[in-house]
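The values are calculated or read from the model by the stated rules, or taken from the named source; none is laboratory data. Predicted model, so just to flag it, every value in this text is computed and none were measured. Positions of Cβ are backbone-derived with ideal geometry, glycine not excepted, and every protein chain shown enters the neighbour counts.
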Amino acid sequence: MFQPPPATAAWQHRDARAGFETAFLAVTTAGIQIDGWVTAVEDGQAFAVGYEITLDPSWHTRRARVTSRTPGRKHVVELVTDGTGTWTVDGTRFDSLDGCLDVDLAASALTNAFPVHRLGCEIGECADAPAAYVDVDTLTVTRLEQRYRRIEDDGARQRFAYAAPEFDFTSTLTYDESGFVLDYPGIAVRAY
(Lines give C-alpha, C1' and ligand atoms only; values in the text may rest on other atoms or scores of the structure.)
Protein backbone atom coordinates (compact mmCIF):
# COMPACT_ATOMS: atom_id res chain seq x y z
CA MET A 1 0.00 0.00 0.00
CA PHE A 2 1.28 3.45 -0.87
CA GLN A 3 0.85 6.74 0.95
CA PRO A 4 -1.17 9.48 -0.81
CA PRO A 5 0.73 11.12 -3.67
CA PRO A 6 2.50 14.43 -3.05
CA ALA A 7 1.16 17.73 -4.40
CA THR A 8 4.32 18.19 -6.48
CA ALA A 9 7.10 15.96 -7.74
CA ALA A 10 10.15 16.50 -9.93
CA TRP A 11 12.75 14.36 -11.69
CA GLN A 12 16.13 15.11 -13.16
CA HIS A 13 16.49 13.30 -16.47
CA ARG A 14 19.97 12.08 -17.27
CA ASP A 15 21.94 9.71 -19.45
CA ALA A 16 19.29 9.03 -22.16
CA ARG A 17 18.44 12.75 -22.13
CA ALA A 18 19.41 15.81 -20.10
CA GLY A 19 16.52 17.72 -18.62
CA PHE A 20 13.88 18.09 -15.98
CA GLU A 21 10.29 17.02 -15.32
CA THR A 22 7.92 18.71 -12.90
CA ALA A 23 4.37 17.60 -12.06
CA PHE A 24 1.58 19.08 -9.94
CA LEU A 25 -1.12 16.77 -8.59
CA ALA A 26 -4.59 17.43 -7.23
CA VAL A 27 -6.27 14.50 -5.46
CA THR A 28 -10.06 14.52 -5.06
CA THR A 29 -12.74 11.91 -4.49
CA ALA A 30 -13.17 11.82 -8.30
CA GLY A 31 -9.52 10.88 -8.86
CA ILE A 32 -6.22 12.57 -9.58
CA GLN A 33 -5.52 15.47 -11.92
CA ILE A 34 -1.88 15.82 -13.01
CA ASP A 35 -0.34 18.73 -14.86
CA GLY A 36 3.29 18.39 -15.81
CA TRP A 37 6.10 19.48 -18.07
CA VAL A 38 9.32 17.95 -19.36
CA THR A 39 12.03 20.11 -20.91
CA ALA A 40 15.09 18.31 -22.16
CA VAL A 41 17.74 17.71 -24.79
CA GLU A 42 18.05 14.28 -26.38
CA ASP A 43 20.31 13.31 -29.27
CA GLY A 44 21.27 16.99 -29.67
CA GLN A 45 17.66 18.16 -30.01
CA ALA A 46 15.76 20.30 -27.51
CA PHE A 47 12.12 19.49 -26.81
CA ALA A 48 9.36 20.33 -24.37
CA VAL A 49 6.34 18.22 -23.47
CA GLY A 50 3.35 19.42 -21.48
CA TYR A 51 0.76 17.00 -20.20
CA GLU A 52 -2.60 16.98 -18.44
CA ILE A 53 -3.58 13.53 -17.21
CA THR A 54 -6.74 12.54 -15.38
CA LEU A 55 -6.80 9.30 -13.37
CA ASP A 56 -9.78 7.77 -11.61
CA PRO A 57 -9.47 6.87 -7.89
CA SER A 58 -8.13 3.41 -8.84
CA TRP A 59 -5.26 4.94 -10.89
CA HIS A 60 -6.79 4.03 -14.27
CA THR A 61 -6.04 6.66 -16.89
CA ARG A 62 -9.21 8.37 -18.07
CA ARG A 63 -7.83 11.22 -20.18
CA ALA A 64 -4.46 12.55 -21.35
CA ARG A 65 -3.77 15.70 -23.35
CA VAL A 66 -0.15 15.94 -24.47
CA THR A 67 1.54 18.85 -26.22
CA SER A 68 5.00 18.38 -27.72
CA ARG A 69 7.24 21.18 -28.96
CA THR A 70 10.34 20.41 -30.99
CA PRO A 71 12.29 22.67 -33.37
CA GLY A 72 9.86 23.74 -36.08
CA ARG A 73 6.95 21.63 -34.79
CA LYS A 74 4.15 21.69 -32.27
CA HIS A 75 1.88 18.66 -31.84
CA VAL A 76 -1.13 18.07 -29.61
CA VAL A 77 -2.82 14.73 -29.01
CA GLU A 78 -5.73 13.82 -26.77
CA LEU A 79 -6.42 10.32 -25.50
CA VAL A 80 -9.67 9.37 -23.79
CA THR A 81 -10.51 6.00 -22.25
CA ASP A 82 -13.43 4.53 -20.40
CA GLY A 83 -11.13 3.11 -17.70
CA THR A 84 -11.73 -0.48 -18.83
CA GLY A 85 -9.41 -0.47 -21.83
CA THR A 86 -11.35 1.18 -24.67
CA TRP A 87 -9.55 4.24 -26.14
CA THR A 88 -9.98 7.07 -28.59
CA VAL A 89 -7.11 9.19 -29.88
CA ASP A 90 -8.16 12.62 -31.13
CA GLY A 91 -11.72 11.31 -31.26
CA THR A 92 -10.94 8.18 -33.30
CA ARG A 93 -11.39 4.73 -31.76
CA PHE A 94 -8.06 2.90 -31.43
CA ASP A 95 -8.67 -0.88 -31.32
CA SER A 96 -4.93 -1.56 -30.97
CA LEU A 97 -5.09 -0.08 -27.44
CA ASP A 98 -7.86 -2.40 -26.24
CA GLY A 99 -7.05 -3.63 -22.74
CA CYS A 100 -4.59 -0.84 -21.91
CA LEU A 101 -5.36 0.89 -18.61
CA ASP A 102 -2.46 3.35 -18.54
CA VAL A 103 -0.90 6.06 -20.62
CA ASP A 104 2.91 5.99 -20.83
CA LEU A 105 4.67 9.14 -22.01
CA ALA A 106 8.10 8.47 -23.47
CA ALA A 107 9.49 11.60 -21.82
CA SER A 108 7.99 11.03 -18.36
CA ALA A 109 9.23 9.21 -15.27
CA LEU A 110 5.89 9.90 -13.57
CA THR A 111 3.75 7.66 -15.77
CA ASN A 112 5.55 4.54 -14.48
CA ALA A 113 3.71 5.13 -11.18
CA PHE A 114 0.26 4.41 -12.62
CA PRO A 115 0.46 0.61 -13.10
CA VAL A 116 2.38 0.07 -9.86
CA HIS A 117 -0.43 1.75 -7.91
CA ARG A 118 -3.09 -0.31 -9.65
CA LEU A 119 -1.39 -3.69 -9.56
CA GLY A 120 -0.67 -4.01 -5.84
CA CYS A 121 1.92 -6.73 -6.45
CA GLU A 122 3.46 -8.62 -3.54
CA ILE A 123 7.18 -9.48 -3.63
CA GLY A 124 7.73 -12.12 -6.31
CA GLU A 125 4.51 -11.36 -8.20
CA CYS A 126 4.55 -10.00 -11.72
CA ALA A 127 1.91 -8.49 -13.96
CA ASP A 128 1.57 -7.33 -17.53
CA ALA A 129 0.59 -3.68 -17.88
CA PRO A 130 0.21 -2.75 -21.56
CA ALA A 131 -0.04 1.00 -22.05
CA ALA A 132 -1.02 3.61 -24.61
CA TYR A 133 2.50 4.83 -25.42
CA VAL A 134 2.97 8.40 -26.63
CA ASP A 135 6.17 9.14 -28.61
CA VAL A 136 7.79 12.47 -27.70
CA ASP A 137 8.72 13.72 -31.15
CA THR A 138 5.64 12.89 -33.21
CA LEU A 139 3.04 12.19 -30.50
CA THR A 140 2.31 8.94 -32.30
CA VAL A 141 0.28 6.64 -30.05
CA THR A 142 0.98 2.90 -30.07
CA ARG A 143 0.51 -0.05 -27.77
CA LEU A 144 3.46 -0.74 -25.47
CA GLU A 145 3.65 -4.13 -23.78
CA GLN A 146 5.16 -3.76 -20.31
CA ARG A 147 5.78 -6.12 -17.42
CA TYR A 148 6.35 -5.23 -13.77
CA ARG A 149 7.74 -7.85 -11.37
CA ARG A 150 8.05 -6.82 -7.74
CA ILE A 151 11.42 -7.76 -6.34
CA GLU A 152 12.84 -7.46 -2.83
CA ASP A 153 12.22 -4.05 -1.25
CA ASP A 154 15.02 -1.68 -0.32
CA GLY A 155 13.84 -0.81 3.19
CA ALA A 156 10.54 1.07 2.81
CA ARG A 157 11.12 1.47 -0.93
CA GLN A 158 9.43 -0.93 -3.31
CA ARG A 159 11.43 -2.16 -6.29
CA PHE A 160 10.24 -3.59 -9.57
CA ALA A 161 12.00 -5.35 -12.42
CA TYR A 162 10.55 -3.54 -15.42
CA ALA A 163 10.56 -4.80 -19.01
CA ALA A 164 9.43 -3.26 -22.31
CA PRO A 165 10.24 -6.02 -24.85
CA GLU A 166 9.49 -3.86 -27.92
CA PHE A 167 12.49 -1.69 -27.01
CA ASP A 168 14.53 -4.63 -25.69
CA PHE A 169 14.62 -2.66 -22.44
CA THR A 170 14.82 -3.85 -18.85
CA SER A 171 15.54 -1.92 -15.68
CA THR A 172 15.08 -2.01 -11.93
CA LEU A 173 12.81 0.80 -10.79
CA THR A 174 12.83 2.00 -7.18
CA TYR A 175 9.72 3.70 -5.80
CA ASP A 176 9.19 5.95 -2.79
CA GLU A 177 6.51 5.50 -0.13
CA SER A 178 3.96 7.31 -2.33
CA GLY A 179 4.63 5.00 -5.28
CA PHE A 180 6.58 7.47 -7.40
CA VAL A 181 9.82 6.52 -9.15
CA LEU A 182 12.89 7.50 -7.16
CA ASP A 183 15.44 5.92 -9.46
CA TYR A 184 14.96 4.94 -13.09
CA PRO A 185 18.51 3.94 -14.08
CA GLY A 186 19.68 5.60 -17.28
CA ILE A 187 16.55 7.74 -17.45
CA ALA A 188 15.77 9.83 -14.34
CA VAL A 189 16.13 10.30 -10.59
CA ARG A 190 13.67 11.97 -8.26
CA ALA A 191 14.78 15.51 -7.48
CA TYR A 192 11.83 16.52 -5.27
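Of all residues in region 170-192 being β-branched (Val, Ile, Thr) and loosely packed, with under 15 Cβ neighbours inside 10 Å, which is farthest from Ala7 (Cα to Cα)?
Thr170
Scan region 59-109 for residues that are part of a loop (DSSP other than H, G, I, E, B) and over 17 Å from the mean Cα position of the chain (by Cα) and jot them down.
Once the filter is applied, which keeps residues that are part of a loop (DSSP other than H, G, I, E, B) and over 17 Å from the mean Cα position of the chain (by Cα), region 59-109 yields Pro71, Gly72, Asp82, Thr84, Thr86, Asp90, Gly91, Phe94, Asp98.
Hey, any hits in region 12-21 for a residue that's in contact (Cβ under 8 Å) with a residue 60 or more places away in the chain, charged (D, E, K, R), touching a Gly at 6+ places or on another chain (Cβ under 7 Å) and within 18 Å of Phe180 (Cβ to Cβ)?
Yes.
Can you find, within region 85-104, the residue that is surrounded by the fewest Cβ atoms within 10 Å (Cβ to Cβ) among those that are more than 21 Å from Ile34 (Cβ to Cβ) and of a type in the set (Gly, Ala, Ser)?
Gly91
Going through region 12-35 one residue at a time, which ones are under 19 Å from Glu52 (Cβ atoms) and aliphatic (A, V, I, L, M)?
Ala23, Leu25, Ala26, Val27, Ala30, Ile32, Ile34
With respect to Leu139, determine if the residue is under 20 Å from Tyr51 (Cα atoms), at pLDDT 95 or above and not acidic (Asp, Glu).
no
Quick check on Gly186: is it in contact (Cβ under 8 Å) with a residue 24 or more places away in the chain and in contact with an Asp or Glu (Cβ under 7 Å, 6 or more places away or on another chain)?
Yes, satisfied.
Search region 47-81 for residues being in contact with a helix residue (DSSP H, G or I) (Cβ under 9 Å, 6 or more places away or on another chain) and of a type outside the set (A, V, I, L, M, F, W, C), and hand back the single one that is nearest to Thr92 (Cα to Cα).
Filtering region 47-81 for residues that are in contact with a helix residue (DSSP H, G or I) (Cβ under 9 Å, 6 or more places away or on another chain) and of a type outside the set (A, V, I, L, M, F, W, C), the one nearest to Thr92 (Cα to Cα) comes out as Thr81.
Tally time: how many residues in region 132-155 are within 18 Å of Tyr184 (Cβ to Cβ) and of a type in the set (A, V, I, L, M, F, W, C)?
Of the residues in that region, 4 qualify.
Are any of the residues in region 24-38 touching a Pro at 6+ places or on another chain (Cβ under 8 Å), of a type outside the set (A, V, I, L, M), surrounded by fewer than 16 Cβ atoms within 10 Å (Cβ to Cβ) and in a loop (DSSP other than H, G, I, E, B)?
yes
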